[in-house]
1. Sort through Met49, Met44 and tell me the only one that's part of a helix (DSSP H, G or I), open to solvent by 80 Å² or more (accessible area, probe 1.4 Å), on the phi < 0 side of the Ramachandran plot and touching a residue at least 24 places away in the same chain (Cβ under 8 Å).
2. So in segment 5-41, with the set limited to residues that are over 12 Å from the mean Cα position of the chain (by Cα) and small (Gly, Ala, Ser), which one is surrounded by the fewest Cβ atoms within 10 Å (Cβ to Cβ)?
3. What are the pairs, 6+ residues apart or on separate chains, where a residue within segment 15-36 that is of a type outside the set (Gly, Ala, Ser) has its Cβ under 6 Å from a residue that is not in a helix (DSSP H, G or I)?
4. Could you tell me whether Phe56 is surrounded by 13 or more Cβ atoms within 10 Å (Cβ to Cβ) and modelled with pLDDT under 90?
Amino acid sequence: MNKKHEQTFGLLFAVSSLIVLVARLMPSNGSNLLDFIQGLMTGMGIAGMIASLIIFGRHSKRAH
């Protein structure tokens, strides 16, 4: 795996982590819409982190 792929996977993981952090810090104040958006952002962030780990694992396994 070349340096560009490693940077891309690292960036995907970092952005996904940031999305989860923002979603957790966002106040909902009892609003159903904000609760929905918070849950959606958390799910997208977790899915992105899992996807980046799976893709990174597959590429590093092929490299060896």
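The values are calculated or read from the model by the stated rules, or taken from the named source; none is laboratory data. Computed from a prediction, not measured in an experiment: that's the story for all the values here. Counting neighbours? That spans all protein chains shown, and the Cβs are built from the backbone with ideal geometry, glycine included. Please note that ligands, DNA and RNA were not included when accessible areas were found on the heavy atoms of the full protein model with its side chains. Shrake-Rupley method; radii C 1.70, N 1.55, O 1.52, S 1.80 Å.
1. Details: Met49 fails: open to solvent by 80 Å² or more (accessible area, probe 1.4 Å).
Every option except Met44 fails the conditions.
2. In this case the residue turns out to be Gly30.
3. Pairs found: Leu34/Ser28; Asp35/Ser28.
4. Numbers: surrounded by 13 or more Cβ atoms within 10 Å (Cβ to Cβ): yes; modelled with pLDDT under 90: yes.
Against the criterion (surrounded by 13 or more Cβ atoms within 10 Å (Cβ to Cβ) and modelled with pLDDT under 90), Phe56 qualifies.
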